[in-house]
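**Student:** The structure's right below; bear with me while I get my questions together.
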Amino acid sequence: MKIIGIVGSNAEISYNRKLLQFVQKNFNEMFEMEILEIKDVPMFNQSDDQSHSFPVQYIYNKLIRADGVIISTPEHNHTIPAALKSTLEWLSFKLHPLENKPVMIIGASYLDQGTSRAQLDLRKILDAPGVNAYVLPGNEFLLGEAKEAFDEMGNIKNEKTVSFLKSCLENFVKFVEVVKPLRKPLPTPEEDLFCEGSISTTIKEVDPDDPEWVEKVAKLTNAASGDDYVKLDHGVLTVNQIDRFMRALPFELTFADDNNQFLYYNHAQNANTMMAPRVPSQSGNRLGTVHPERTFKNVSYVIANLRAGNEDYFRTIVPNTGPDVINVHNYQAMYYEDGSYAGINEIVFNFKPWLDWYLKETGQKLVKKNANTSPKADATSGASAQGRNDVAPEVDATSGASQNATDEDKNTNADATSGASES
């Protein structure tokens, strides 16, 4: 579960930031939380539209992909700070990322009332037209006398306070699950699979479907090659080192940019032996070119929902691939610095050897389900414990994979970059 925590203050030193950091550190078994700041968000002014400025877009793109939001607010003059109010104005002007989004309000203040009036005010704002958030009723967490509440390590000193905070967060997690069916997916405009537009990195001088696209574009752009060094996020490698690294990965990897141009795959073997066949002449092609027309609907569905932020990934298992193969395809959205969609990477691999290794190392096995009994499942893998009397979910006869999908899995039947599956 992905939760966004919003610091409701633009102050350098904030006890509400400390409160969110405490939640992030001590309750990470409940959910994954990312903390966002509002200090760079411009003051709201509808005459000077900043909806597409970096600070506003960054928060917007993070919120649309979150399962829920926790706002920690101070209390200024019996209400929320101006900076938080201004942020919410931008998020209800032309952008509406909080619509139908479950929200929990917490707060810390210097005095003993613990932001009670600010929280009441914030509930009214979140319920307003244009915001339309689902705010968890009751369940108020008010941390008063915040200066004395934390120790030097940033931990809340009072155990009863921590216990109550935990119960509030547990209630919020349940609330998120209840609200989930009510959330409406964001609209998904029709995808252009033939790259009729362009983005800042599009090379317009070479036709995407040119079989010599790689060579021509490399020459045109003076692309780095061989032992030229490339500075990466956390390292400096030569092009040859990067290439060897990518080719040695234990899976097939492809990348298409947000203009739906198929730019790369880690060509490690003959196309006839690949689980999702690729050939060198396809690099640079339009996605509409590398896919048969019968798959366009599925391919567009996957990309459009990743682009809109309705999903972060899709996963599927290609059926009927033989008893020694579980052909897994994972489609993962990639993002620019402001959190907007930057393209899709697809990982394809045979999960069967990994599964066999795990079962062997842990002394477990997959066994058939018995209608009258239930297996003692491994809490982290769902595999049943080894033993003659143990039972497990019914498995696919061709792959050995369980037919019961979890709620966390986003499954689709389309291979977004190869069209491997069409049904």
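**Student:** How far, in degrees from 0 to 90, does helix 159-179 lean away from the longest principal axis of the Cα atoms of the chain, to the nearest 10?
**Tutor:** Helix 159-179 sits roughly 50 degrees off the main axis of the chain.
**Student:** Full extension from Glu29 to Glu152: what is 0.36 nm times the residue separation minus their Cα-Cα distance, to one decimal in nm?
**Tutor:** 41.9 nm
**Student:** Given Cβ point charges of +1 (Lys, Arg) and -1 (Asp, Glu) and nothing else, what value in debye, to the nearest 20, does the dipole of the chain about its Cα centre take? Before the final figure, lay out each step's value.
**Tutor:** Values: 41 positive and 58 negative charges, 230 e Å.
Roughly 1100 debye for the chain.
**Student:** Provide the solvent-accessible area of Arg278, counting protein heavy atoms only and rolling a 1.4 Å probe, rounded to the nearest 10 Å².
**Tutor:** Here the accessible area works out near 10 Å².
**Student:** Checking a compactness column here: for the range 111-175, what do you get for Rg(Cα) / (2.2 N^0.38 Å), N being the number of residues?
**Tutor:** 1.29
**Student:** Going by average Cβ density within 10 Å per residue, which order do the peptides 318-325, 21-28, 339-346 take, highest to lowest?
**Tutor:** Highest-to-lowest ranking by the protection proxy: 339-346, 21-28, 318-325.
**Student:** To check you understand DSSP bridge types, tell me what percent of the beta bridges within the chain (both residues inside) are antiparallel, rounded to 5. Spell out each step's value before the answer.
**Tutor:** On the way: 34 of 54 bridges.
Percent antiparallel among DSSP bridges in the chain is about 65.
**Student:** Okay, helix-only estimate at 222 nm for the chain: each DSSP H run of n ≥ 4 adds -39500 (n - 2.57), divide by all residues, round to 500 deg cm²/dmol; what do you get?
**Tutor:** Working: 11 runs with 115 residues, N = 423.
Dividing the helical sum by the residues of the chain leaves -8000 deg cm²/dmol.
**Student:** Take the alpha carbon gyration tensor of the range 1-56, find the square roots of its eigenvalues, order them as a ≥ b ≥ c, and report rounded if a/c is under 1.5; if not, report prolate when a/b exceeds b/c, else oblate.
**Tutor:** Here the range 1-56 falls in the oblate category.
**Student:** Let me ask something else. Quick one: check the C-alpha center-to-center distance for the range 142-168 versus the range 183-224, whole angstrom.
**Tutor:** If we compute the Cα centre of each part, the gap is 52 Å.
**Student:** Sequence neighbours fewer than 8 away in the same chain don't count; with that in mind, list the lysines whose C-alpha is under 25 Å from Lys160.
**Tutor:** Correct list for Lys160: Lys18, Lys25, Lys147, Lys174.
**Student:** Leaving out ligands and nucleic acids, and using a 1.4 Å probe, what accessible area per residue does the chain come to in Å²?
**Tutor:** Averaged over the residues of the chain, the accessible area is 54 Å².
**Student:** Accessible area, 1.4 Å probe, largest first: how do His78, His52, His291 sort? Show your work: numbers first, answer last.
**Tutor:** Values: His78 105, His52 150, His291 10 Å².
Correct descending sequence by accessible area is His52, His78, His291.
**Student:** Give the relative contact order (percent, whole number) for the chain; include only Cα pairs under 8 Å separated by 6+ residues.
**Tutor:** 12
**Student:** Check the straight Cα-Cα distances from Lys368 and name the lysines below 20 Å, setting aside those fewer than 8 residues away within the same chain.
**Tutor:** Result set, ordered by chain and number: Lys352, Lys360, Lys376.
**Student:** Still on this structure, I have one more. Counting pairs of alpha carbon atoms under 8 Å apart in space and at least six apart in sequence, what relative contact order in percent does the range 212-362 give?
**Tutor:** Once normalised by length, the contact order is 20 percent.
**Student:** Excluding residues on the same chain fewer than 8 positions from Lys297, give the lysines whose Cα lies under 29 Å from its Cα.
**Tutor:** Lys2, Lys62, Lys101, Lys180, Lys184, Lys204, Lys410
**Student:** Oh, and also: Rounded, prolate or oblate: pick one for the range 208-342, where a ≥ b ≥ c are the square roots of the eigenvalues of its C-alpha gyration tensor, a/c under 1.5 means rounded, and failing that, prolate if a/b is larger than b/c, else oblate.
**Tutor:** The shape class here is rounded.
**Student:** Right, next: If I build a Gaussian network model for the chain, linking alpha-carbon pairs within less than 10 angstrom, which residue out of Ala83, Ala108, Ala223 has the largest mean-square fluctuation?
**Tutor:** Ala223
**Student:** Same structure, new question: Please state the relative contact order of the range 44-114 as a whole percent: Cα pairs under 8 Å, 6+ residues apart?
**Tutor:** The value is 42 percent.
**Student:** For the chain, set up a GNM with springs between Cα atoms under 10 Å and report which of Phe351, Phe164, Phe251 has the largest fluctuation.
**Tutor:** Looking only at Phe351, Phe164, Phe251, the biggest GNM fluctuation is shown by Phe164.
**Student:** For the range 2-182, what mean projected area does the convex hull of the alpha carbons give, in nm²?
**Tutor:** Projected area, direction-averaged: 9.8 nm².
**Student:** Considering only Gln24, Phe251, Thr202, whose Cα is most displaced toward the positive end of the charge dipole of the chain, charges sitting on Cβ of Lys, Arg (+1) and Asp, Glu (-1)?
**Tutor:** Gln24
**Student:** State whether the range 188-280 is rounded, prolate or oblate according to the following rule on the C-alpha gyration tensor (a ≥ b ≥ c being the square roots of its eigenvalues): a/c under 1.5 gives rounded; otherwise a/b larger than b/c gives prolate, and the remaining case gives oblate. Don't skip to the answer; put the middle values down first.
**Tutor:** Numbers: a/c = 1.61, a/b = 1.21, b/c = 1.33.
Verdict is oblate for the range 188-280.
**Student:** Something else now. What residues of the range 321-340 lie in the reach of a label at Phe251, counting those whose backbone N is under 15 Å from a point 7 Å from the Cα along Cα→Cβ?
**Tutor:** 326-334
**Student:** Cα convex hull of the chain: mean projected area in nm², to one decimal?
**Tutor:** Value for the chain: 25.8 nm².
**Student:** Could you pull out every residue, at least 5 positions away or on a different chain, whose amide H is within less than 5 Å of the one on Val135? Hs are placed 1.01 Å off N in the peptide plane, and Pro or chain starts have none.
**Tutor:** Hits under the 5 Å cutoff: Val103.
**Student:** Given a Förster distance of 35 angstrom, what is the FRET efficiency for Asp233 paired with Asp112, based on the Cβ-Cβ distance and rounded to 0.05?
**Tutor:** Given R0 = 35 Å and the Cβ-Cβ separation, E is 0.15.
**Student:** Determine, for each peptide in 299-305, 355-361, 122-128, the mean count of other beta carbons within 10 angstrom over its residues, then list the peptides with the highest first.
**Tutor:** Top of the packing list down: 299-305, 122-128, 355-361.
**Student:** Pick from Gln261, Gln46, Gln282: which is most flexible by mean-square fluctuation in a GNM of the chain where alpha carbon atoms under 10 Å apart are linked?
**Tutor:** Answer for the Gaussian network model of the chain: Gln46.
The values are calculated or read from the model by the stated rules, or taken from the named source; none is laboratory data. All values derive from a computational prediction rather than experimental measurement. Note that we place each Cβ from the backbone using ideal geometry, even for glycine, and neighbour counts take in every protein chain shown. When the accessible area is computed, the model is the full protein with side chains, heavy atoms only, and any ligands, DNA or RNA have been set aside. Shrake-Rupley method; radii C 1.70, N 1.55, O 1.52, S 1.80 Å.
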